[in-house]
Each structure stands twice: as structure tokens, then as C-alpha cells.
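Down below is the structure, laid out as C-alpha cells.
The values are calculated or read from the model by the stated rules, or taken from the named source; none is laboratory data. Because the structure is predicted, anything quoted here is derived from the model rather than measured. Positions of Cβ are backbone-derived with ideal geometry, glycine not excepted, and every protein chain shown enters the neighbour counts. All accessible areas refer to the heavy atoms of the entire protein, side chains included, with ligands and DNA or RNA removed. Shrake-Rupley method; radii C 1.70, N 1.55, O 1.52, S 1.80 Å.
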Amino acid sequence: MYGGIMERLDKFLTNAGVATRSQIKAILKTGRVQVDGKAVKDGSVKIDPEKQTVTLDGDMIGGKRRMVVMLNKPAGFVTSTDDPRDKTVMELLPKEYAHQDLKPVGRLDKATEGLLLFTNDGDLLHRLISPKKEVPKIYYAKHEGTAGESDVEAFAAGLTLRDGTVCLSAKLEPMGPGESLITVCEGKYHQVRRMMASRQMTVLYLERRSEGGLELGALERGKCRELTETEIQILETQAE
Ligand code: URA
């Protein structure tokens, strides 16, 4: 699934039409070519164009590969690219993704666990988080109280939160005392916690299990994996 065929750097640059082979040798010597942010002067170095980013004077050669990564987020990490106090979700991504310019798709609270996507495709990212695209996100919640029929109806009708914020129609599926599944198509601040609180069901634990038709599956907590092209197409369809 991950990683392509290894190729000599000089051959990759020649094929990309950067310059002739002999010119490339001279260019390489000057240190203007970088692989994953480090100058490489030796054209015989093998690179994986699928996985690595090659630049000449800072400009990308061959274009950046579109990547979407799924993380099973543990509690205790903030969804931010940078934070002065807390550990961020970026710290959970493997080092080899460091130069892929991945950004979290929306956010999960520090205490929330589960499915968090990252991508370097800004257009896909914005479509996935736009409430207009109605991409469904399914959460499992443990909460105070027990959800009943009137709560299900209130969620379906579109809740008004305590501060007056009006939510889009959402699905509440009671699973028994103190447990529910909640499907929402938007991502307001602390949305699920606030929706449940507005019905006197304080959330005690929250996990996102699905987004845009994709599920965590067997992905372990704290681990991530790259989505396949087929899975990316599923997201594309959801966010059309
Ligand atoms: N809703 C919340 O309240 N928190 C999350 O992390 C995600 C959705």
C-alpha cells in the first residue's frame, strides 16, 4: 500500500525534465536539490518518489503526492499543528510524513479519542469540514442519563444549544443506559458534548468511530495508516 519503486535521484530529475543528465550533476554539486528537506549532492542516492519530496531551489519536482492519513487518536493530545503546552496529534505521525505538509481535518477535543484524518490536499480538507457537504461523522458516547425517544426527536429536529446555537439535524441512537451513537454532519466547537449537555446527558467519554463512510477498523489506538486510493475516492464522493 505504501511506498513505490526506488529510483536514482539523478534519473528522477532527468525524467522530470529538470535539465540534462550532465547539467543535473553540476546542479546537484551545488546542494540546490533537497530530498525531504536535506541537501543531497550524490545523484546515485536512491529515492522513493511516491514517499519522498524532492525540491530544486525550494520548488517541488514532480508535484507532491496527495496523501490522506487516518489516526486513531488517544486522549491527551490536542488537535493542533503546534502547541506551547500540550502534546499535539502531529507527534503521533511517523517521521517519514514530516515533509508531506499534512494538516488535521477538523478537530477532536483533547479528551476525545478515535478517527482523525490528515491530508495535504487543501481542497479536500475544506470540503470535508464544510457543513454544506454534510459529511457524516459517527461518535460513540458514554454519558450521564439514558437517551429516550424525545431526545432522538430533538436531535432529528435540530437542537438549539444552551448558548442559542442552532444545529443541523443529527441522529441519536440510544444503545442502552448511558451509551449512545451520535451522527453529525458539522463540526462546531465541542459539538457532541454540547448537544448531549443540552439534553441533560453530560458526556463522560467520546470516541469518533467513522467519518465520511470510513471506519477505524482494526487500527490500534495511537497508530495511523495511509488511506488507499479507493478509500480516498470514498471520501471524495462523500464531499462532492
Ligand atoms: N464533538 C465534541 O464535543 N468533541 C469532539 O472532539 C468532537 C465532536
| field | Residues of the stretch 189-214 classified as open to solvent by 40 Å² or more (accessible area, probe 1.4 Å), within 16 Å of the ligand (Cβ to nearest atom) and either under 17 Å from the mean Cα position of the chain (by Cα) or in contact (Cβ under 8 Å) with a residue 60 or more places away in the chain (or both), total | value | 5
| remark: Within the stretch 108-121, the residues that are open to solvent by 10 Å² or more (accessible area, probe 1.4 Å) and at pLDDT 95 or above are Asp109, Lys110, Ala111, Glu113
| Count of residues meeting criterion [open to solvent by less than 30 Å² (accessible area, probe 1.4 Å) and outside any strand (DSSP E or B)] in the stretch 131-158 | 7
| What is the number of the single condition among (1) within 10 Å of the chain's Cα centre (by Cα); (2) at pLDDT below 95 that Tyr97 does not meet? | (1)
| said: I want to confirm something. Restricting to the stretch 66-116 and keeping residues that are under 25 Å from Tyr140 (Cβ atoms) and of a type in the set (Ser, Thr, Tyr), which single residue is farthest from the ligand (Cβ to nearest atom)? | reply: Thr88
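Here is a yes/no grid of residues against (1) modelled with pLDDT of 90 or more; (2) exposed (fewer than 14 other Cβ atoms within 10 Å of the Cβ); (3) touching a Cys at 6+ places or on another chain (Cβ under 7 Å); (4) in the same structural domain as Glu226 (by TED's automatic domain parsing):
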{"position": "Lys25", "(1), (2), (3), (4)": "yes, no, no, no"}
{"position": "Val33", "(1), (2), (3), (4)": "yes, no, no, no"}
{"position": "Gly37", "(1), (2), (3), (4)": "no, yes, no, no"}
{"position": "Pro49", "(1), (2), (3), (4)": "no, no, no, no"}
{"position": "Gln52", "(1), (2), (3), (4)": "no, no, no, no"}
{"position": "Lys73", "(1), (2), (3), (4)": "yes, no, no, yes"}
{"position": "Thr79", "(1), (2), (3), (4)": "yes, no, no, yes"}
{"position": "Leu92", "(1), (2), (3), (4)": "yes, no, yes, yes"}
| query | Which residue pairs have Cβ atoms under 9 Å apart, sit 6 or more places apart or on different chains, and have a first residue in the stretch 135-149 that is assigned by TED's automatic domain parsing to the domain that holds Met175 and a second that is surrounded by fewer than 23 Cβ atoms within 10 Å (Cβ to Cβ) and aromatic (Phe, Trp, Tyr)? | reply | Tyr140/Tyr205; Ala141/Tyr205; Lys142/Tyr205; His143/Tyr205
